[in-house]
Amino acid sequence: MSGANDYAVAVRYLPEAGKLPEVTAKGRGAIAAQILGIAAAYDIPIERDPDLVTILEKLDVGSPIPTVAFAAVAEILAHLYRANAGAQAATGNTLPPAGRP
């Protein structure tokens with residue numbers, strides 16, 4: 001996700017691990033550009049939500065998403081799962097394994 005003042009926050013969710021979504025990277029300026037570049041290189045969707053980034057940028061890397069932001073993150077994840085399922089159905093390809101960068 002990117003937004004407020006060229007800040008980027010990467011979030012990972014592994015439902016099979018039974019954990020909440022967590023912050024995996026964050027940064028401003030060149031670090032934000034690097035996070036966005038890696039996401040683009042691996043075809044990881046980028047959501048632009050400045051309000052959510054404002055909440056998430058305050059968290060430490062490895063921190064679970066707080067309750068106040070969980071609804072917004074869950075909505076984004078649901079959208080991404082639907083998009084991935086549609087792409088998989090259209091191409092017949094399987095999705096990449098969890099845990100990619």
Practice problem: Quick one: count up the residues across region 49-62 that are surrounded by 12 or more Cβ atoms within 10 Å (Cβ to Cβ) and in contact (Cβ under 8 Å) with a residue 24 or more places away in the chain. | Solution: 9
Self-check item: Filter result for the condition that a residue is on the phi < 0 side of the Ramachandran plot, surrounded by 13 or more Cβ atoms within 10 Å (Cβ to Cβ), in contact (Cβ under 8 Å) with a residue 60 or more places away in the chain and not polar (S, T, N, Q), over I44, I65, I76, I31
Solution: I76
Practice problem: Taking P15 as the residue in question, decide whether it is surrounded by fewer than 13 Cβ atoms within 10 Å (Cβ to Cβ), under 9 Å from the mean Cα position of the chain (by Cα) and at pLDDT below 95. | Solution: no
Quiz item: Residues of region 19-52 being in contact with a Ser or Thr (Cβ under 9 Å, 6 or more places away or on another chain) and either of a type in the set (F, W, Y) or closer than 21 Å to P66 by Cα (or both), which ones?
Solution: E22, V23, I46, E47, R48, D49, P50
Quiz item: Yes or no: Y7 of a type in the set (F, W, Y), touching a Pro at 6+ places or on another chain (Cβ under 7 Å) and surrounded by 17 or more Cβ atoms within 10 Å (Cβ to Cβ)?
Solution: no
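The values are calculated or read from the model by the stated rules, or taken from the named source; none is laboratory data. Here the structure is a predicted model, which means the values were calculated and not measured. Note that each Cβ is placed from the backbone with ideal geometry, even for glycine, and that neighbours are counted across all protein chains shown.
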